[in-house]
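Okay, structure first, notes after.
The values are calculated or read from the model by the stated rules, or taken from the named source; none is laboratory data. None of the values given here were measured: they were computed from a predicted structure. Cβ sites come from the backbone with ideal geometry, for glycine too, and all protein chains shown count toward neighbours.
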Amino acid sequence: MQAKKFLQLLPFLFLSLLWISCSDDNVEPGFDHVLSYELVETISKGEINQRFNNDPLVSGFINFDVEAYKVTYLTPNYDGTEVEASGLVLIPQVEGAVKLTSFQHSTLAKSNDPQIDQEHRAPSYLSSENAEIYLSAVLYASNGYLISSADYIGYGSTSEMFHPYEHAQTAATTCFDMLLATKELAESLSVNMTDELFLIGYSQGGNSTMALHKYIEENHAAEFPITRSAMGAGAYHKSAVGDYIFNFQGDLGFSISLYLWVLDSYDRIYLQKGIPYYLNEPYASEVVDNGYFAISSSNPQEVFTDTFIDDINDPNSDFRDALADNDIHDWKAIAPIKLYHSLEDKLVPYFNSADAFDNMTDKGSTEILLETYTYNSSVEPDAIHGAGGARFFSDVISVYFKYGI
């Protein structure tokens, strides 16, 4: 969820980001999904190597130049209205076939405070400040994965809109429609693709990847059979997360802001009660006036109203129903899934992946794997979530996507 932690841990090994703008509107007659596309950069193997400081451990994965496109397409918002969303497509320049891959990004803060706001790090900007895209996604593309990465609603071409944070249905349809647009663009450019489909994401990206995998298998399995999915540290069990966060006694040890964002998203989509229903003063005014990241307490018993805490503990409340509607830890998957999570992760608790592993296995899923990361005292507790992200992207490209283990 907290991409900033992840970005702080990965090295910023780059010279400069080149913006090479080609045509502004290349829409071809007959496109069903692509509204517009623009080649924004061609990234050479040499440039990618430079981003990783010519590290020999990385250079073996850098095999192809990469063309980067910004794409716009239509997708439904949480209220059902169609919006013109955007995303990034990374196409390896190979003579053979590429592997279609949906890459879901982690949390990017939205705030009126320019020191906090991370709009410019959305995938389609190809910002050097977003190591997850600038380094990891580009590395995967250079290794032969054709990357489809939605900005999500609330970023890129929809930057003025509210981002429905970790709303499973919206995340799934936004990423799936981006996948349709990516495939259509690749076909129009005569890109040869294998019949494989890979899904990957960490933190919020892990949550979005699980939602996407479930959506595809329930609605488009014949059209898009999934090869395998890798999901890191996602909050899949929202009902349990609600119990953990909102009933926590004392200081959480990290900002409560991201959980306020989830709360506000579910309120807008399901309940429409407004922030003052959930938060005591002065915290309600802090959030209403200055956004989630302005809240001055991380003690849930101080922040949340008694009425809301009663809702959390009432199994029949509307808010419990909203949480349950976004539980994506308990279903039968056909294609293989590997979960990754740090045991000591406090920001997104480990039980999310453990519960998904247990419940999905019990439901008869074909193959669910779980890799548990552990850390000693050399890693600060608030850095563990980000440290897990760095390991995740390395492990998936070098082992799981390659060998399935």
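Given the structure, is Gly205 surrounded by 19 or more Cβ atoms within 10 Å (Cβ to Cβ), within 20 Å of Gly156 (Cα to Cα) and modelled with pLDDT of 95 or more? For Gly205, the condition - surrounded by 19 or more Cβ atoms within 10 Å (Cβ to Cβ), within 20 Å of Gly156 (Cα to Cα) and modelled with pLDDT of 95 or more - is met.
If you scan segment 100-129, which residues turn out to be crowded, with 22+ Cβ neighbours inside 10 Å and farther than 18 Å from Ser208 by Cβ? Listed by number, the residues that qualify are Tyr125, Leu126. Regarding Tyr375, is this residue without any contact (Cβ under 8 Å) to a residue 40 or more places away in the chain, more than 26 Å from Phe61 (Cα to Cα) and not hydrophobic (A, V, I, L, M, F, W, C)? So Tyr375 passes the test.
Where helices (runs of 4 or more DSSP H) sit wholly within segment 285-386, those with at least 3 residues that are surrounded by 16 or more Cβ atoms within 10 Å (Cβ to Cβ) and of a type in the set (A, V, I, L, M, F, W, C) occupy 318-325, 351-362.
Count of segment 266-284 residues, restricted to those that are of a type outside the set (A, V, I, L, M, F, W, C) and crowded, with 21+ Cβ neighbours inside 10 Å, is 3.
Of the residues Leu179, Leu135, Leu108, Leu88, the single one that is part of a strand (DSSP E or B) and either under 17 Å from the mean Cα position of the chain (by Cα) or small (Gly, Ala, Ser) (or both) is Leu88. Filtered by the rule that a residue be under 18 Å from Ile62 (Cβ atoms), buried (at least 20 other Cβ atoms within 10 Å of the Cβ) and over 14 Å from the mean Cα position of the chain (by Cα), segment 387-405 gives Val396, Phe401.
In segment 64-99, of all residues being in contact with an Asp or Glu (Cβ under 7 Å, 6 or more places away or on another chain) and under 17 Å from Leu197 (Cβ atoms), the one that is surrounded by the most Cβ atoms within 10 Å (Cβ to Cβ) corresponds to Gly87.
Of the residues Gly46, Gly30, the single one that is surrounded by fewer than 17 Cβ atoms within 10 Å (Cβ to Cβ) and either modelled with pLDDT under 95 or hydrophobic (A, V, I, L, M, F, W, C) (or both) is Gly30. Any residue at all in segment 240-250 that's in contact with a Lys or Arg (Cβ under 7 Å, 6 or more places away or on another chain) and surrounded by fewer than 18 Cβ atoms within 10 Å (Cβ to Cβ)? No, because not a single residue in segment 240-250 is in contact with a Lys or Arg (Cβ under 7 Å, 6 or more places away or on another chain) and surrounded by fewer than 18 Cβ atoms within 10 Å (Cβ to Cβ).
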